[in-house]
Amino acid sequence: MSCSIHGHGREARQPPPDNPMADILLESVAALAACGEVDKACRLAGRAYVALRQTEPWTARRFDVLLHRLSRLIEITPPSADSRPPSP
């Protein structure tokens, strides 16, 4: 048995099982972002992460990685003059 400083053996580091539904959803979310719906894609990736983080942490991590990659693509626009609160 192999031990690490954290006390976990090799069995704790096994690769994640295949998850075809996650593969489909990841591809769909990436395609949505490629069509210009980056904000919506980020929200969906975030929801998937939250739904999976306790039961399938390996799969959740894939959505987390996608979310961070997509979040760099979000265009931040300054608020317009109409949406700013009036000056005192």
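Worth a mention:
- Counted residues, the range 41-67 - those being in contact with a helix residue (DSSP H, G or I) (Cβ under 6 Å, 6 or more places away or on another chain) and surrounded by fewer than 16 Cβ atoms within 10 Å (Cβ to Cβ): 1
- Pair list, Cβ under 8 Å, 6 or more apart: the range 66-81 residue within 18 Å of Ser28 (Cα to Cα), other residue modelled with pLDDT of 90 or more and hydroxyl-bearing (Ser, Thr, Tyr): Leu67/Tyr49
The values are calculated or read from the model by the stated rules, or taken from the named source; none is laboratory data. This one's a predicted model, so the numbers in the text were calculated from it and none came from an experiment. Note that we place each Cβ from the backbone using ideal geometry, even for glycine, and neighbour counts take in every protein chain shown.
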